[in-house]
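Everything below concerns the one structure shown next.
The values are calculated or read from the model by the stated rules, or taken from the named source; none is laboratory data. Predicted model only: the values in this text are computed from it and were never measured. Don't worry about glycine lacking a Cβ; one is built from the backbone with ideal geometry, like all the others, and counts go over all protein chains shown. These area figures cover heavy atoms from the full protein model, side chains too; ligands, DNA and RNA do not enter into them. Shrake-Rupley method; radii C 1.70, N 1.55, O 1.52, S 1.80 Å.
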Amino acid sequence: MYTEPKVNKNHDFNDHNIVTIERVNKLLFQSIDTLEEILKNQELPTQERATVALKIIEMTGLLSQKNNYSPATLLSEAQQKLNELQINSLGRNGFNQVPEKIKFKPLFLSADYVEIKNFLLPENNQTAIKEAIKRKEQYVESSTTTKADKYRQSYVLFSQYFPELSGLIQSKILEILPEVLTQLEFRPFEISEIEVQLTAHNDGCYYKIHNDAGSEKTASREITYVYYFYQEPKAFSGGELRIYDTELKGGGAINHDNYKTITPVNNSIVFFNSRCRHEVMPVICPSQAFENSRFTVNGWIRRLVS
């Protein structure tokens, strides 16, 4: 049995720009009506119709409040796509009256995470350790989507080599996901895939600052998870996960100086927003023996994109 989720948050609420409830309701109803009209127009691409609707809802001030109607990722994607829209494509639907001065504000993501101890049964945890060690010859050196040199050092085992453990992790994640989404203040979303891989960090391994949803290929990743496991007594140090406060601006992600640090704990799992910038600190493993590595089953929960 797993323990109750540990939630780490640091929210900063600002009520000065919140409009009256009556006005919000009126504008929201108008936005819904407009959304219905957009959806009837099959000439516009689906993504354009959706982002225009998000722009209208953002004008009510609802999306500018982190704690309300939408995951931060929706606003970020809407901003990026709206920058590409042409005014004449909007004119066919009467949207050329939207003031040019209305701009998206940079979106701030706190370095929030949910940590759950004792995620797997003890016997399943031990099975995972044995599986990770015996597959030593099937790991490959890790890489990044940008192919950057000396940005990441670790060893990856793909899920086809450990199907039973992969399936177990996926089923356990689905079981607790509603609570995780609530704690991270995400609205529920339709899942297309839970990606799974096994990663080994030995002496000198690391992963510099990055996020997991910064490209077209990875844009549908919503939640990143990391399940930690290793032989005890622990034979390495370091390898902490740092999650940074992150600002989404102009289609990119900028990390702030403030961060939260998660120390790997055997049989624990961590969940956080895939758009938050984060890094894995260098691992120190004096023996350099593979079986003494910092092991993780890690991956991403993707939303379904229509």
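Worth pointing out:
- Check on R92, more than 22 Å from F189 (Cβ to Cβ) and modelled with pLDDT of 50 or more: no
- Conditions (1) in a loop (DSSP other than H, G, I, E, B); (2) farther than 18 Å from V156 by Cα; (3) in contact (Cβ under 8 Å) with a residue 60 or more places away in the chain: number failed by T246: (1)
- Counted residues, the stretch 127-163 - those being under 21 Å from S293 (Cα atoms) and touching a residue at least 24 places away in the same chain (Cβ under 8 Å): 22
- The residue that is farthest from M281 (Cα to Cα), counting only those in the stretch 129-169 that are acidic (D, E) and assigned to a helix (DSSP H, G or I), is E164.
A quick yes/no check of all residues on (1) at pLDDT 95 or above; (2) among the aliphatic types (A, V, I, L, M); (3) open to solvent by 60 Å² or more (accessible area, probe 1.4 Å):
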{"position": "A148", "(1), (2), (3)": "no, yes, no"}
{"position": "V156", "(1), (2), (3)": "yes, yes, no"}
{"position": "P163", "(1), (2), (3)": "yes, no, yes"}
{"position": "G167", "(1), (2), (3)": "yes, no, no"}
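- Only a single item in (1) at pLDDT 90 or above; (2) open to solvent by 30 Å² or more (accessible area, probe 1.4 Å); (3) assigned to a helix (DSSP H, G or I) is not met by F108, and it is number (3).
- Of all residues in the stretch 186-219, those satisfying the criterion of being within 16 Å of F271 (Cα to Cα) and either without any contact (Cβ under 8 Å) to a residue 60 or more places away in the chain or assigned to a loop (DSSP other than H, G, I, E, B) (or both) are F186, R187, P188, F189, E195, V196, N211, D212, A213.
- Any hit, the stretch 225-237, residues being within 16 Å of the chain's Cα centre (by Cα) and either among the β-branched types (V, I, T) or at pLDDT below 95 (or both): yes
- Residue list for the stretch 279-300, filter: open to solvent by less than 10 Å² (accessible area, probe 1.4 Å), part of a strand (DSSP E or B) and either on the phi > 0 side of the Ramachandran plot or touching a Ser or Thr at 6+ places or on another chain (Cβ under 8 Å) (or both): V283, F295, T296, V297, G299
- When the residues of the stretch 222-243 are filtered to those that are hydroxyl-bearing (S, T, Y) and part of a strand (DSSP E or B), the one that is surrounded by the fewest Cβ atoms within 10 Å (Cβ to Cβ) is S237.
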